[in-house]
Amino acid sequence: MSNLIAPSLLAADFANLQQDIEMVNNSKADWFHIDVMDGVFVPNISFGMPVLKAIAKHATKTLDVHLMIVNPDKYINTFADLGADILTVHYEACTHLHRTVQAIKAAGMQAGVALNPHTPIAVLEDIITELDVVCIMSVNPGFGGQSFIENTYKKVSQLKHLIEFTASNCKIEIDGGVTTQNANALIEAGANVLVAGSFVFGAENPTNTIEDLKNIIA
C-alpha cells in the first residue's frame, strides 16, 4: 500500500485558510490532519468548532481530526456532525479508552488513538484490534515545528509487530517533525500515514513537497 500523506492544517496560513485547503485538495495528499487543542491537555489552543465547520465545507479529502483535549467523550458526536471521518483521541486523556473508541465508531467515524512520546506501545495490546489508526507522536504535542524524536523508529517497529501479531488492520500514523529526510526510514519501520505541517506549508512549493513525500517508497 502506498503511504498516505496528511498535511497538518495547524501550519497553514490562517489568514488564507481556504487557499491552503484548495492547495491540499488539488495535491497528491490523502487526508487533512486537523489538530484540536484545548490549552489544558496541551499548552496551546488551536481550532474550534466554527473553524472545523469551515474547513469541512471546502475540503474534498478525508478529515483526520486529532483531539488533544481533556474529556474527549463529551465532543464525539459534535465532531461527527461537523464532518470528521477519523477521530483520534489521546490514550493519556481517556479513562475508559475502550468505551471511547466504541462511541467514536457508533457515531460513524473511524477510531484512532494517539500516544505521547513517553507512552509505550504495550498499553494498546488489549485494544489494537478495535482501532483503525494509531498516531505515534514524534514530538511533544502542542506546538508545530518541533524536532523529530529519534526513539520514534523503535516505537513504529514495535507497533508494526503488535499489529501483525494480532492481525489488526490498524494504520500507523506519524505526527511531528516528518520530512523527506526521515520519511523513508519511517515507512521502512512500518508507518502508513505521514503527517507533515511546517515542512509542507513552510515550503517554497507545498504541492511539490507533498508529491515528494507521497513518492517515497521504503
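The values are calculated or read from the model by the stated rules, or taken from the named source; none is laboratory data. Since the model is a prediction, treat every value here as computed from it, not as a measurement. Note that each Cβ is placed from the backbone with ideal geometry, even for glycine, and that neighbours are counted across all protein chains shown.
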Does residue 12 qualify as being surrounded by 21 or more Cβ atoms within 10 Å (Cβ to Cβ), modelled with pLDDT under 95, of a type in the set (Gly, Ala, Ser) and closer than 14 Å to residue 195 by Cβ? yes
Any residue that is more than 28 Å from residue 25 (Cβ to Cβ), in contact (Cβ under 8 Å) with a residue 24 or more places away in the chain and under 14 Å from the mean Cα position of the chain (by Cα) - is there at least one of those in the stretch 61-84? no
Name the single residue, out of those in the stretch 28-62 being among the polar types (S, T, N, Q) and surrounded by fewer than 20 Cβ atoms within 10 Å (Cβ to Cβ), that is nearest to residue 133 (Cα to Cα). 62
Go over the candidates 193, 123, 133 one by one and state the one that is surrounded by fewer than 15 Cβ atoms within 10 Å (Cβ to Cβ), touching a strand residue (DSSP E or B) at 6+ places or on another chain (Cβ under 9 Å) and not small (Gly, Ala, Ser). 123
Among the residues in the stretch 107-128, are any under 20 Å from residue 91 (Cα atoms), in contact with a Pro (Cβ under 9 Å, 6 or more places away or on another chain) and in a helix (DSSP H, G or I)? no
Please report, ordered by residue number, the helices (runs of 4 or more DSSP H) entirely within the stretch 129-218 with at least 3 residues that are within 30 Å of residue 106 (Cα to Cα) and either under 16 Å from the mean Cα position of the chain (by Cα) or not polar (S, T, N, Q) (or both). 152-166
Given (1) modelled with pLDDT of 95 or more; (2) under 18 Å from residue 33 (Cβ atoms), index of the condition residue 166 fails: (2)
Being of a type outside the set (Ser, Thr, Tyr), touching a His at 6+ places or on another chain (Cβ under 6 Å) and either closer than 30 Å to residue 56 by Cβ or crowded, with 17+ Cβ neighbours inside 10 Å (or both) is true for just one of 107, 114, 103, 84. Which residue is that? 114
Would you kindly identify the helices (runs of 4 or more DSSP H) lying entirely within the stretch 1-89 that contain at least 2 residues that are more than 21 Å from residue 201 (Cβ to Cβ) and touching a helix residue (DSSP H, G or I) at 6+ places or on another chain (Cβ under 6 Å)? 76-82
If I ask for residues that are in contact with a Cys (Cβ under 9 Å, 6 or more places away or on another chain) and without any contact (Cβ under 8 Å) to a residue 60 or more places away in the chain, which ones from the stretch 110-123 would you list? 113, 115
